[in-house]
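Okay, so here's the structure we're looking at.
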Amino acid sequence: MTDTAADLMAYIDASPSPYHAVREGARRLAAAGATAVDLADAWGGAGFRFVAVDGALVAWNDEGRSPSAGFRIVGAHTDSPNLRIKPQPDRTAGGFDQLAIEPYGGLLRNSWLDRDLGLSGRAVVRSGRGTEHRLFRDDRPVLRVPQLAIHLDREQNDALRLDPSRHLTPVWGLARAGRSFRGYVADLVGADPDDVLAVDAMCHDTMPASFLGPDEDLISAPRLDDQASCFGAVEAIIAAVGRSDAGDAVPLIVLNDHEEVGSESATGASGPLLGRIIERSVLGRGGGPDEVARALAASMCCSADMAHGLHPNHPERHDPEHRVLVGGGPVIKTNVNQRYATSDRTAAEFRLACERAGVPVQVYAHRNDLPCGSTIGPVTAARLGIATVDVGMPQLSMHSIRELMATVDADRMVAAFTQWLV
């Protein structure tokens, strides 16, 4: 169990941005024998393949499956709430150089105060008459959002209010003539500043993921929501491809981007990526439109996102009949208003998968008087008409810069997802 958890932490440490999460997932899939294919190329036939597009990754194995075979899907998302750097970020105030940021997703703002922050992302660089994409990361403590001293606001312990336009702007040094963010990124990617045409950059915690507690029974890490599920999906399809007891369905994983901001993008769950790959897989095995429709009707998706474990200091924030425990195993998430896509049929299927995997299962429902979050589950279900179950691993501190889950649940997650795929 500790080995799986350590591997999960290695995946997260390698993935400070969605681009890096996709690259790490692709690296693991290629090492397991999967072939990278490009959406713009022809790739008929069947096989163990994957497509990486920006911050999204899809992998599947349709070798030996009939054209009308359904798909068994595990879906997750690569993005996490963070601070993104604005296109023209350079500013100076109070004797400091600062970078203008824009909050991405529903982050816990206070968790980003007084943390050593690195920078990561992707730069688009001029290359001949075209462009080239280059990933970058700087794990040095290059940024910090300084908190106001208690002596200057004695009431902030009672009511901390953070204006994202004023209070979350990080410093990255004393004011110095000639410092520019574009020049900094150019140095990281080995390019002339004039050739850096665009940058997608974000802040990340410089502290690596780690075990917590004298018995190492907890994992403290950034981006558990939802890179833990991304790791589980990648490891599960690698394990499923090698299983001798695999069924007739096509195992597939999809790691979408932009879930934290609504999934409305080309690489988000509302986009066409998954549907097009499913269609091309069916057509590549000799099927037609009828086989595509039959395959979709026979498919089932497990939307994997993290779940709210019972908080020991705030038990009143949980529905008393649906309190799930960190360390208690995978969670089936339900909501009758379709914030989660779980139905009785899909919940039963996931419960059976957990039984076959030998792992416990829990059930979560949100408190009625609190607004409920959502996932890629309802979006995927509505977009493709695929029966879907929403599940997750229980955690604390969701959307904080640093989150907490149980060590034992990493192994249970991979086991349950693998069984779902086979």
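When Rg and Dmax are taken over the Cα atoms of segment 29-124, they come to 20.6, 67 Å.
Considering only alpha-carbon pairs that sit under 8 angstrom and 6 or more positions apart, the relative contact order computed for segment 218-324 is 21 percent. FRET efficiency for the Leu197 to Glu63 pair, using the beta carbon distance and R₀ = 41 Å, is estimated at 0.55. With the convex hull drawn around the C-alpha atoms of segment 266-422, the volume per residue stands at 129 Å³. Within segment 221-282, the percentage of alpha carbon pairs spaced more than 14 angstrom apart rounds to 66%. With the simple spin-label model, which puts each label point 7 Å out from Cα in the Cβ direction, the Gln156 to Arg27 separation comes to 3.8 nm. Give the shape of segment 85-148 as rounded, prolate or oblate, defined through the alpha-carbon gyration tensor: a ≥ b ≥ c are the square roots of its eigenvalues, a/c under 1.5 means rounded, and otherwise the shape is prolate if a/b is larger than b/c and oblate if not. Judged from the Cα gyration tensor, segment 85-148 comes out prolate (a/c at least 1.5, a/b above b/c). Taken over the alpha carbons of segment 321-373 as equal point scatterers, the Debye sum produces base-10 log I(q)/I(0) values at 0.21, 0.24 Å⁻¹ of -0.81, -0.99.
Taking 0.36 nm per residue of sequence separation and removing the Cα-Cα distance, the Leu283/Arg91 pair yields an extension gain of 63.8 nm.
On the principal axes of its alpha carbon atoms, the chain extends 66, 61, 38 Å, with the longest extent given first. Between the listed residues Ile101, Ala123, Ile253, the Cα displaced farthest toward the positive end of the dipole of the chain, a dipole computed from Cβ unit charges relative to the Cα centre, is found at Ala123. Distance from the alpha carbon centroid of segment 372-406 to that of segment 1-22 works out to 18 angstrom. Label point 7 Å out from Thr131 along Cα-to-Cβ: which residues of segment 265-282 have amide N under 16 Å? Answer for segment 265-282: 266-267. Here is the list for segment 106-167: trypsin sites (Lys or Arg not before Pro) lying in DSSP coil, each with at most 16 other C-beta atoms within 10 angstrom of its C-beta, are Arg129, Arg154, Arg161, Arg166.
In the chain, helical runs assigned H by DSSP with n ≥ 4 each contribute -39500 (n - 2.57); averaged across all residues and rounded to the nearest 500, the mean residue ellipticity at 222 nm is -8500 deg cm²/dmol. Each Lys and Arg contributes +1 and each Asp and Glu -1, all at the Cβ; summed about the Cα centre of the chain, the dipole is approximately 620 debye.
Rounded if a/c is under 1.5, else prolate if a/b is larger than b/c, else oblate: which is segment 281-320, with a ≥ b ≥ c the root eigenvalues of its Cα gyration tensor? Cα axes put segment 281-320 in the prolate bin.
Compute log10 of I(q)/I(0) for segment 82-205 with the Debye formula, placing one identical point scatterer on every Cα and leaving out solvent, at q = 0.17, 0.18, 0.20, 0.22 Å⁻¹, to two decimals. Taking Cα atoms of segment 82-205 as identical point scatterers yields -0.88, -0.97, -1.15, -1.33. Loop-located GluC sites (Glu not before Pro) in segment 209-269 (DSSP state other than H, G, I, E, B) with a sparse environment of at most 16 neighbouring Cβ atoms within 10 Å: Glu216, Glu264. Taking a point 7 angstrom from the Cα of Asp319 along the C-beta vector, which residues in segment 361-376 have backbone N less than 14 Å away? Taking a point 7 Å out along Cα→Cβ of Asp319, the residues of segment 361-376 whose backbone N falls under 14 Å are 362-374. Distance from the Cα centroid of segment 84-138 to that of segment 229-275 is 28 Å (rounded to whole angstrom).
Laboratory data are not the source of any read-out in this text; all were calculated from the coordinates shown. Just so we're clear, the structure is a prediction, and the values are computed from it rather than from any experiment. Using ideal geometry, Cβ is built from the backbone for each residue, glycine included, and neighbour counts are taken over all protein chains shown.
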